[in-house]
Structure formats: structure tokens, C-alpha cells
1. How high is the FRET efficiency from residue 16 to residue 130, r the C-beta distance, R0 25 Å, rounded to 0.05?
2. Can you tell me which of 67-73, 93-99 comes out highest on packing, and rank the rest after it, using the mean Cβ neighbours within 10 Å?
3. Could you order peptides 10-23, 51-64, 34-47 by the average number of other Cβ atoms within 10 Å of their residues, highest first?
4. Report the gain in length on full extension from residue 80 to residue 97: 0.36 nm times residue separation, minus Cα-Cα distance, nm rounded to one decimal.
5. Principal axes first, then extents: for the Cα atoms of the range 42-82, list largest minus smallest coordinate on each axis, whole Å, largest first.
């Protein structure tokens with residue numbers, strides 16, 4: 001890892017970034033940057049004399065809109081598409097979550113000093129990436145035929161109405 005301060009014009013968002021952001025959340029992100037400053041470097045790899053962001057694509061967009069001229073980046077070696085994806089996934093990985101009571105006890109004494117509407121917190125469990133990929137991956141004709149045959153074998157007929165369904 002190599003930490004650098006570079007001209008923001010040398011840094012581009014990753015064109016394959018699968019993450020999105022809602023307008024209201026993007027505006028909230030910009031407000032947070034203006035209030036708290038830049039305290040976390042972007043994660044990027046070198047390409048064609050510049051840098052491509054793998055982690056922090058929403059932030060680079062916001063920083064450019066806010067008129068920033070320099071940005072801190074953490075440069076990683078990502079020579080394959082698989083390695084780029086691994087870095088991007090790792091940077092946005094949901095390894096932890098807030099414990100509701102502990103969070104409330106931490107924040108409550110400062111409730112007058114913190115605009116609670118400016119923050120969203122993660123209280124849930126992370127979703128396994130394998131399940132998402134399997135859910136949305138393209139299925140070939142042979143695989144679809146096998147799935148259709150399997151579905152026929154497990155169909156159940158409703159004793160009341162006679163409708164068939166797959167449990």
C-alpha cells in the first residue's frame with residue numbers, strides 16, 4: 001500500500017463500480033464532507049498515468065463537485081479484474097454492524113450536538129455475496145432445462161383449489 005496526495009484531476013471513478021447512491025444520500029455525503037472534512041483516503045490503482053478509484057467512487061464524485069483540487073489515495077496493486085473486484089468488495093464490506101442499545105447510549109448524551117438526520121446506520125446482518133451472484137447470474141439453456149425438470153418433480157397440488165405450485 002502506498003499513500004499519496006495527488007491532483008484530483010488525475011483520479012477517475014471506476015467505470016465498473018456496481019454501487020449506486022440515492023440523491024438525498026449523495027447530498028448528505030457532501031454535507032458530511034463539508035462539515036467533517038476528508039479523513040479517509042480513496043482506494044485506487046494506477047492506470048495510464050493516473051488513478052482509478054476502487055473504493056470511494058461516491059466520495060470522488062462529491063469531492064470534485066465540491067471543488068477540491070487534491071485528494072489522498074491509498075494505491076494498491078490490482079493487475080487483474082478479479083483483484084480489482086476483491087479490493088472494491090473489501091473496501092465496502094459489511095463486516096460489522098451497530099449494536100442498537102450501545103449506539104443509543106453512546107449518542108444520547110450528545111443528542112443536542114449531533115444532527116441525527118445526517119447519519120444512517122447499519123443494524124442488520126450482511127447478505128452473502130454468493131447468494132446475490134447465484135440469484136442474478138445468467139442461466140444457460142441446459143441448466144434452465146434441468147431446473148425446469150426439477151421444478152416439475154417438486155410441484156405440489158393444492159387439495160382445496162387444485163392449483164399447482166412449487167414450495
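1. For residue 16 and residue 130, the calculated efficiency is 0.80.
2. Order by mean packing, descending: 67-73, 93-99.
3. 51-64, 34-47, 10-23
4. 3.1 nm
5. 32, 19, 15
All of the numbers you see were taken from the coordinates with simple rules; none came from a lab. Not measured: the values here are computed from a predicted model. So basically every Cβ, Gly included, is an ideal-geometry build from the backbone, and we count neighbours across all protein chains shown.
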